[in-house]
Amino acid sequence: MIRSEIQKLLCEAAKTQNIDENFCVSFSAMPNLCDFQCNSCFAVAKKLGKNPYDLACQIVEAIPQNQFFTFSVARPAFINITLTNQGLKHMSQVLLSQQFNLGGGKKIFLDYGGPNIGKAMHIGHMRSFNIGEAFKRLYRKLGFETVSDIFLGDWGMPMGLIMAMLEKQGVFGDYYSGKKQLTIEVMNTAYPQASQLKMQDEKFKQRAEQITLFFQQKQQPYYDFWKKLRDVSVAEIKKVCRLLNVDFDLWNGESNASEYVSTILKIFEEKKLSRISEGALVVDVAEEGEQIPIPKKSPDEVQRYENPMPPLMLKKSNGGDKYETSDIATIYYRNKFYHPDIIHYFTDARQNQRFIQIFRACKKSGISPQEQLLLHTGFGTINGKDGKALKTRDGGNMQLSDLLNMLYEKAEQKLVENGTEHDDDLKRKIGNAALKFADLSNSVEKDYNFDVDRVLSFDGKTGPYIQYTACRIKSILSKAPKFENNFNFSAQHKEMLISLNRLASSYRICFENKSLNDLCGSLYDLASAFSSFYNSCHILSEQDKSLQSAHLTLLKIVLKFIEEACDILAIEVPDKM
RNA sequence: GCUCUCGUGGUGUAAUGGAUAGCACAAUGGUCUUCGGAACCAUUUGUUCGGGUUCGAAUCCUGACGGGAGCACCA
């Protein structure tokens, strides 16, 4: 990286002055003054008891003459660095030869998506898909080996509820025998009905619980019926995944963990980590200073705790398994078969405490080896324009498919306006780009307000704008005369080159922050830098052939970086739109 | 009640403790008989409030106010 080269120059110059300190280089906050800046003189001067401005001057004077950078000092004590034209050429070559190896071949297991079988996906579900898929691609780019698992919620009550409902309606047998075709619509109708009935009808609820237990114990016909439900649901989820351009190596779920539950229960028992509490089997995971009882004011008051960290529950008092049990059993068999160095989960931030409990239980029991890194990225909730849970215009919960259809329709409408011929795949790519870019532009941990109208507008800082920019570049390159690469860049290319550098740096920033908003931001800046250039300089009619080849060379580089960044975000770049 | 989290123009958001708080939408005005107008350029408007730490605070600490979430038998 160009910044580390500058940093090295500064540090070596300091050493000649007997100052053995680190001088960091960042992108310029004042692009009109410089291209890069160093703010370290304040801290170093303080440490050494020197005047910061004098220190900055001393170091700048000690830097040997070089052809790439010019250094200057600005008060109070910033070192400003500007690239020469030779420096621009050099930077472009550094960028093109850049290789990442943060991963060092380590194996990382990604757990994202997590849709529930039997329930229609709503908008909130897309976030895990978008973030997880992008991180899988980022990890690969950075030199990790990845394994992705969708981890379906396929072993719980929803399936029991659907079966109980169909049974109550007297159609269970028909669907079981195949006399009636089991479809996703049947499930999408039965589940909400059952879900509602369970609240009012205790007998129905008990029956659903019973059926749940039956299929979990692989009793027929419930287990086979469960398999049918799962197949139908998985086919539907796969359809959505294809639309969203996400794919998984593994389509496992809670059900795959069930056969390891007894093994992990035994591990906890043998290590004397589990105990019975109020009839349930629990593991204490609180650390010092947590879960401290607050004295009750009256004997019948509920016990409250300071710094609450309740025990993790492995078995309910009625003997049933909990979701946490599946999670731990899943970590157990992932380690048994895949030996990942890292397991990274992407879920809603509301599950933060639950994952702390799970991770601690796995470390205490040795189910996760000490050296294994368990990561959980809890992302913020998507709300509607009003800051409350997202609703459709008619007031219902908005389903993911509703949103996708709106996006694809809008894309089609735009294509028709522009006279482009009808193309289902193209409108899907454009709609997806709008969705993903809008989603991933937000800091991962923050809740955000999802404004349908804003996402449907493809103007400004949006995915379609990025795609459009790439299409324009492709169009110019396809019409350009043959040219030899020419890296003799000048001031008019600088904005694009600096943006390229920022984009290249953002991979590491995203990796460290576990958020993709920086990549989106620098990708937009690059596209925007090209658009400004495009507007101020007519490339194809340039008479100076040497200058024209420099323009075209840079366009090739810009396109390459836009395509790479889009690929990480799982945004597809069409040739035309 | 306990714990966590967030508070940035009219709206949505960005900013490893650094210079003049960046960007998009909206609004207003402009560019251009397009190498693809889903474009470009310009103007207007902002760090919830009070203390503290620091050469320097949207950022760290503290208090208040205001939102959101979690607090074992739902997943």
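Quick notes
- The alpha carbon centroids of the range A:1-52 and the range A:179-218 are separated by 66 Å.
- Ranking of A:Val94, A:Val232 by count of other Cβ atoms within 10 Å, fewest first: A:Val94, A:Val232
- Shape class for the range A:400-569, computed from the alpha carbon gyration tensor (a ≥ b ≥ c): oblate, with a/c not under 1.5 and a/b at or below b/c.
- Taking Cα atoms only, the orientation of helix A:222-244 departs from the longest principal axis of chain A by about 20 degrees.
- The packing ranking of peptides A:259-265, A:427-433, highest mean first, is A:427-433, A:259-265, where packing means the average number of other beta carbon atoms within 10 angstrom of each residue.
- A Cβ-based charge dipole, computed about the Cα centre of the range A:2-83 with Lys and Arg at +1 and Asp and Glu at -1, lands at about 200 debye.
- Neighbour net charge for A:Ala438 - beta-carbon separation under 10 angstrom, K R +1, D E -1: +1
- Summing charges over neighbours of A:Leu503, with a neighbour being any other residue whose Cβ is under 9 Å away from its Cβ, gives -1 when K and R count +1 and D and E count -1.
- Summed over qualifying helices (DSSP H, 4 residues or more, each -39500 (n - 2.57)) and divided by its residue number, chain A shows a 222 nm mean residue ellipticity of -17000 deg cm²/dmol.
- The range A:86-144 shape via C-alpha gyration tensor axes, a/c threshold 1.5: oblate
- Alpha-carbon Debye profile of the range A:183-322, log10 I(q)/I(0) at 0.10, 0.18, 0.20, 0.22 Å⁻¹: -0.59, -1.18, -1.24, -1.32
- By average C-beta atoms within 10 angstrom, highest first, the peptides A:483-491, A:149-157: A:149-157, A:483-491
- Residues whose amide H comes within less than 5 Å of that of A:Phe379, counting only those at least five positions distant or on another chain, are A:Thr347, A:Asp348, A:Ala349 (H built at 1.01 Å from N in the peptide plane).
- Karplus (6.51, -1.76, 1.60) ³J(HN,Hα), θ = phi - 60°, over the range A:508-520, in Hz, Gly and Pro reported as x: 5, 4, 4, 4, 6, 7, 6, 9, 9, 5, 5, 5, 4
- The 3J(HN,Hα) values that the Karplus relation (6.51, -1.76, 1.60; θ = phi - 60°) gives for the range A:62-75 are, in residue order, 7, 6, x, 4, 8, 8, 9, 10, 10, 10, 8, 10, 10, 5 Hz. Gly and Pro appear as x.
- Helix A:352-365 axis, angle to chain A major axis (alpha carbon atoms, nearest 10°): 80 degrees
- Counting only the Cα atoms, chain A fills a convex hull of 220 Å³ per residue.
- Burial ordering of A:Leu213, A:Leu516, A:Leu166, fewest other beta-carbon atoms within 10 Å first: A:Leu213, A:Leu166, A:Leu516
- Rel. contact order, % - alpha carbon contacts under 8 angstrom, at least six apart, chain A: 13 percent
- Electrostatic tally near A:Lys494: other residues with Cβ closer than 15 Å to its Cβ, Lys and Arg +1, Asp and Glu -1, net -1.
- Shape call, the range A:157-244: gyration tensor on alpha carbons, a/c limit 1.5: prolate
We did not get these values from a lab; they are worked out from the coordinates using the rules stated. Source: prediction; values computed, not measured. Using ideal geometry, Cβ is built from the backbone for each residue, glycine included, and neighbour counts are taken over all protein chains shown.
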